[in-house]
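See below for the structure under consideration.
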Amino acid sequence: MSRPHFSFQAKGFTLIELLIAIAIFSVLGVMAMGGYNELIRQREHASETMLRIRSVQRAVTTLSRDLMQLEPRPVRDSTSATVNPAIYVNSTGCLLELTRAGWTNPVGLPRPTLQRVCYRISDNALYRDYWSSLDRNLSNTPQQVELLGKVTSLNFRFMDGNRQWQRTWPASSTGGTGLSRARALPLAVEITLKLSDWGEIIRLIEIAA
């Protein structure tokens, strides 16, 4: 009586199946890496956007606070021969120069609590310069602080006592001469800040009487 013959044949992946599996894993790996890189780019873009938002907010807040704390205090220039108004449009470098109150002095430095400030644009950056004393001399150089980049322009309008908007200040409608004219403050100031990436930002600041 003959015994039945059983044949066992080992089963495995063929070369073609291995190549297909490797190709599938390669495609999945490339897709996963692409998604990861896109996630990283989105995170970097979101981080840059938040930094830009903070910078713009800080610049607008600083400018608005200076205007809200305006003081009717004229200053003398470095030659002590000319009295510059408390706030005025300066055509010789500063877009706007003003005297503001509230300059904190926590360490008791020998300086006033009033501060003279100048806003200017250089190389598409907005700067806020300030002096350690109000009435300047030849040795009193300003501290220069860069507030914001990608700035195209910064313009102001001033509301006079007749509630008319003026492009310059002191305006001819303020009246008065000498010191009274130099101490005159507008009722409100409109700020138009133009950025190359955000367009125009407009703020209206009411000046306390």
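At a Förster radius of 25 Å, what calculated FRET efficiency corresponds to the Cβ-Cβ distance of E44 and S122, to the nearest 0.05?
Computed FRET efficiency for E44 and S122 comes out at 0.30.
Would you be so kind as to identify which of N84, A21, L193 lies farthest towards the positive end of the dipole of the chain, taking Lys and Arg as +1 and Asp and Glu as -1 on Cβ and the Cα centre as origin?
N84
Considering amide H positions built from the backbone, and no H for Pro or chain starts, which residues 5 or more places from A125, or on another chain, come under 5 Å of its amide H?
Result for A125 returns V151.
Using a cut-off of 12 Å between beta-carbons, work out the net charge of the residues near R65 (Lys and Arg +1, Asp and Glu -1, R65 not included).
Computed value for this residue: +3.
Once you've got the GNM for the chain with C-alpha springs shorter than 10 Å, pick whichever of I40, I87, I22 has the biggest mean-square fluctuation.
I22
Could you pull out every residue, at least 5 positions away or on a different chain, whose amide H is within less than 5 Å of the one on R136? Hs are placed 1.01 Å off N in the peptide plane, and Pro or chain starts have none.
R76
Relative to the first principal axis of the alpha-carbon coordinates of the chain, what is the inclination of helix 15-68, with its axis defined by its Cα atoms, in degrees from 0 to 90 and to the nearest 10?
10 degrees
Just from its helices, what would the mean residue ellipticity at 222 nm be for the chain, if runs of 4 or more DSSP H residues each count -39500 (n - 2.57) and the sum is divided by every residue, rounded to the nearest 500 deg cm²/dmol?
Taken over the chain, the calculation gives -10500 deg cm²/dmol.
Positive end of the dipole of the range 116-188, charges at C-beta (+1 Lys, Arg; -1 Asp, Glu), about the Cα centre: which of T152, N140, T168 has its Cα farthest in that direction?
T168
Would you grab the residues whose amide H sits under 5 Å from the one on L195? Only those 5+ places off in sequence or on another chain, please, with H modelled 1.01 Å from N.
It is T152, E200, I201, by chain and number.
Since every read-out is calculated from the coordinates, none of them should be taken as a lab result. All values reported here derive from a predicted model rather than from experimental measurement. With ideal geometry, Cβ positions are generated from the backbone for all residues, glycine too; neighbour counts draw on all protein chains shown.
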